[in-house]
């Protein structure tokens, strides 16, 4: 289980990507965009009921940028970073 926001979930994913380890998400961040996209209830009682009833695992897409990180939902960069980055 990963309890936190999108950054925490991404950090956990980076540790288990490529394995068969399933991941449960407890949304506890500011935006919880991934949990929202996966229809994971944000309210704790509804979420507990959802996790305790019969459910199925599902695969989700991930994106690797370079060799360093896996991103699940979004990747963004500020205009300042983009402007100072060489096209190569």
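Bear in mind that the values in this text are calculations on the coordinates, not laboratory data. Just so it is clear, the structure is predicted and the values come from calculations on it, not from any experiment.
Assorted remarks:
- Of 24, 66, 15, the one that fluctuates the most in a GNM where the chain has Cα springs shorter than 10 Å: 66
- Of 13, 26, 60, the one that fluctuates the most in a GNM where the chain has Cα springs shorter than 10 Å: 60
- Over the chain: Kirkwood hydrodynamic radius from C-alpha pairwise inverse distances, Å: 14.6
- In degrees, nearest ten, helix 6-16 long axis to first principal axis of the chain (Cα): 90
- Relative contact order, whole percent, for the chain stands at 24, derived from Cα pairs under 8 Å and 6 or more residues apart.
- Calculated [θ] (222 nm, deg cm²/dmol) that DSSP helices of n ≥ 4 give over the chain, each run adding -39,500 (n - 2.57): -9000 deg cm²/dmol
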